[in-house]
2 protein chains.
Amino acid sequence: MRPLIVLFGDSITEESFKTGAWGASLTNTYSRKADVLVRGYGGYNTRWALFLLRHLFPRNSEKPPAVVTIFFGANDAAILGSASQGQHVPVDEYKENLKKIECSPTVFIVLITPPPVGEDSRNENAGEIVPERINEVTGLYAKKCIELAKEMGLPSINLWSKMQETEDWQNKFLSDGLHLTPEGNDVVHQEVTRVFSEAWFSAPDMPYDFPPHSEIDSTNPGEAFQ
Amino acid sequence: MRPLIVLFGDSITEESFKTGAWGASLTNTYSRKADVLVRGYGGYNTRWALFLLRHLFPRNSEKPPAVVTIFFGANDAAILGSASQGQHVPVDEYKENLKKIECSPTVFIVLITPPPVGEDSRNENAGEIVPERINEVTGLYAKKCIELAKEMGLPSINLWSKMQETEDWQNKFLSDGLHLTPEGNDVVHQEVTRVFSEAWFSAPDMPYDFPPHSEIDSTNPGEAFQ
């Protein structure tokens with residue numbers, strides 16, 4: 001009955017229903033207008049995400065999503081030689097994988113780049129000599145993501161660039177150099193809502209699923225539901 | 001693939017994805033294990049909720065919910081003669097309506113009573129001479145809800161009683177004498193999680209939908225997905 005929004009991505013998507021996080025905020029923004037389901041897989045890169053596609057988005061689905069956010073790259077960009085190298089996917093393969101994920105012509109897809117890396121916090125936390133994430137390297141993945149979006153004519157959110165426009169983004173938006181603070185979650189929520197609204201998917205313009213209670217005549221309630 | 005939890009109720013359910021609210025917390029608790037959809041209708045009473053049943057829970061659904069929380073009564077208990085009297089439903093009809101909502105033998109249903117009423121805040125906000133809500137009256141609805149749960153052998157949460165066990169519950173758990181503060185939302189989240197867990201629906205005992213990334217062999221990822 002309501003259109004379905006699916007959030008597909010890594011830990012930043014999996015954790016998007018923690019207190020103040022962007023998935024919950026999006027659900028609230030589309031309250032009584034669209035449903036939101038989270039398909040976030042902590043630690044996953046795009047190579048592993050491909051194994052999930054036929055399960056998460058079966059071709060014969062009775063109710064396919066209307067909108068899907070695809071939000072990978074933070075793990076693909078892990079540095080070879082670091083403790084996280086098992087998650088690494090070369091940047092050209094990352095782009096090819098994203099292209100395979102974006103496979104349905106009937107679904108409104110929004111590509112989201114990985115956020116920037118707060119190198120000091122990140123590599124301090126990991127306690128490794130070879131850094132596991134480097135901001136400039138993650139930036140190359142963000143660039144490929146935006147490049148693909150342009151080639152495919154898809155809307156996209158360059159979170160890597162957007163966040164770095166704000167002073168002290170490393171501490172303001174990132175909790176451990178990689179995952180998001182409540183303020184960082186607000187940026188994602190605002191950007192996703194903006195991109196949805198610029199397309200045909202604007203919450204204020206969408207109808208309520210059922211009448212507001214103020215429109216129900218208590219002496220003849222059935223009328224409002226006809 | 002994952003079991004589906006549906007949250008059916010009034011504004012306290014509709015608002016359950018605001019920052020720190022119980023629906024979002026529940027979604028996070030069941031992350032990668034169950035899906036949560038919100039079906040909250042601000043201002044609705046059980047009489048109006050009946051009009052939604054065949055739309056929200058069609059008999060021929062391909063994917064019926066595994067679990068449904070039914071959380072009404074705060075509006076049914078509105079006082080006759082007050083500005084909110086249009087929402088009033090007599091307490092015996094409230095019980096009958098709840099019984100009609102609880103109509104599926106294959107779904108795990110949890111009945112939740114309305115929270116207590118913080119009369120000072122509530123009637124101050126409404127600015128009316130005849131109070132629109134009275135705590136003892138709402139308590140009669142809570143009693144009927146628990147009575148029905150016992151008759152039907154359903155699990156239930158007596159939120160009306162539970163919240164009043166804590167000192168200063170009026171300000172600690174209620175934002176306007178009726179809706180929930182983040183602390184009030186925590187109580188609902190904890191109680192719902194407890195009741196789910198006491199049945200067969202315990203998040204820690206449920207499998208992940210796909211392997212944790214630590215179980216994926218980066219040299220042979222396909223193996224983990226077989």
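The values are calculated or read from the model by the stated rules, or taken from the named source; none is laboratory data. Quantities reported herein were computed from a predicted structural model and do not represent experimental measurements. Every residue, glycine among them, receives a Cβ derived from its backbone with ideal geometry; neighbour counts consider all protein chains shown. For accessibility, only protein heavy atoms count, side chains too; no ligands or nucleic acids. Shrake-Rupley method; radii C 1.70, N 1.55, O 1.52, S 1.80 Å.
Annotations for the structure displayed:
- Of all residues in segment B:169-186, those satisfying the criterion of being more than 14 Å from every other protein chain (Cβ to nearest Cβ) and part of a helix (DSSP H, G or I) are B:TRP169, B:GLN170, B:ASN171, B:LYS172, B:GLY184.
- For A:VAL89: the one exception among (1) buried (at least 24 other Cβ atoms within 10 Å of the Cβ); (2) β-branched (Val, Ile, Thr); (3) assigned to a loop (DSSP other than H, G, I, E, B): (1)
- Cβ-Cβ contacts under 6 Å between residues 6 or more apart (or on different chains), taken from a first residue in segment B:132-151 that is within 18 Å of B:GLY43 (Cβ to Cβ) to a second residue that is open to solvent by 30 Å² or more (accessible area, probe 1.4 Å) and part of a helix (DSSP H, G or I), are listed as B:GLU132/B:ALA126; B:ARG133/B:ARG122; B:TYR141/B:VAL91.
- Test: residue in segment B:104-116 that is more than 15 Å from B:ALA149 (Cβ to Cβ), more than 22 Å from the chain's Cα centre (by Cα) and surrounded by 15 or more Cβ atoms within 10 Å (Cβ to Cβ): no
- B:LYS63 meets the conditions (1) within 14 Å of chain A (Cβ to nearest Cβ); (2) open to solvent by less than 20 Å² (accessible area, probe 1.4 Å) in every case but one. The failed one is (2).
- Selection over segment B:187-214 of residues that are at the interface with another protein chain (Cβ under 10 Å from one of its Cβ atoms) and either part of a helix (DSSP H, G or I) or touching a Cys at 6+ places or on another chain (Cβ under 7 Å) (or both) gives a count of 2.
- Among the candidates B:GLY20, B:GLY73, residue that is open to solvent by less than 20 Å² (accessible area, probe 1.4 Å), in a loop (DSSP other than H, G, I, E, B) and within 18 Å of B:ASN158 (Cα to Cα): B:GLY73
- Within segment B:80-101, tally of residues that are more than 14 Å from chain A (Cβ to nearest Cβ) and not charged (D, E, K, R): 4
- Number of the condition not met by A:GLU15 [criteria: (1) open to solvent by 10 Å² or more (accessible area, probe 1.4 Å); (2) at the interface with chain B (Cβ under 9 Å from one of its Cβ atoms); (3) closer than 27 Å to B:PHE57 by Cα]: (3)
- Annotation note: of A:GLY81, A:GLY86, the sole residue that is without any contact (Cβ under 8 Å) to a residue 12 or more places away in the chain and more than 12 Å from the chain's Cα centre (by Cα) is A:GLY86.
- From B:THR138, B:THR166, B:THR219, residue being open to solvent by less than 20 Å² (accessible area, probe 1.4 Å) and either out of contact with any strand residue (DSSP E or B) (no Cβ under 6 Å at 6 or more places or on another chain) or within 14 Å of another protein chain (Cβ to nearest Cβ) (or both): B:THR138
- Extreme residue, modelled with the lowest pLDDT, among residues of segment B:53-104 that are over 27 Å from B:PRO131 (Cβ atoms) and of a type in the set (Gly, Ala, Ser): B:SER104
- Subset of segment B:71-88 (residues that are farther than 14 Å from B:ASP10 by Cα and in contact with a helix residue (DSSP H, G or I) (Cβ under 8 Å, 6 or more places away or on another chain)): B:ILE79, B:SER82, B:ALA83, B:SER84
- Residue match in segment B:209-217 (condition: closer than 30 Å to B:TYR44 by Cβ and touching a helix residue (DSSP H, G or I) at 6+ places or on another chain (Cβ under 7 Å)): no
- Residue under evaluation A:LYS172, criteria (1) touching a Cys at 6+ places or on another chain (Cβ under 7 Å); (2) open to solvent by 50 Å² or more (accessible area, probe 1.4 Å), criterion not met: (1)
- Pick from segment A:32-55, criterion at the interface with chain B (Cβ under 8 Å from one of its Cβ atoms) and without any contact (Cβ under 8 Å) to a residue 12 or more places away in the chain, ranking: surrounded by the most Cβ atoms within 10 Å (Cβ to Cβ): A:TRP48
- Residues in segment A:1-14 that are outside any strand (DSSP E or B) and touching a Ser or Thr at 6+ places or on another chain (Cβ under 8 Å): A:THR13, A:GLU14.
- All conditions in (1) under 24 Å from B:ASP209 (Cβ atoms); (2) in contact with a Pro (Cβ under 9 Å, 6 or more places away or on another chain); (3) more than 8 Å from chain A (Cβ to nearest Cβ) hold for B:ARG2, with the sole exception of (2).
- Being within 29 Å of B:GLN226 (Cβ to Cβ), assigned to a loop (DSSP other than H, G, I, E, B), away from chain B (no Cβ under 12 Å) and not aliphatic (A, V, I, L, M) is a description that applies to A:SER104.
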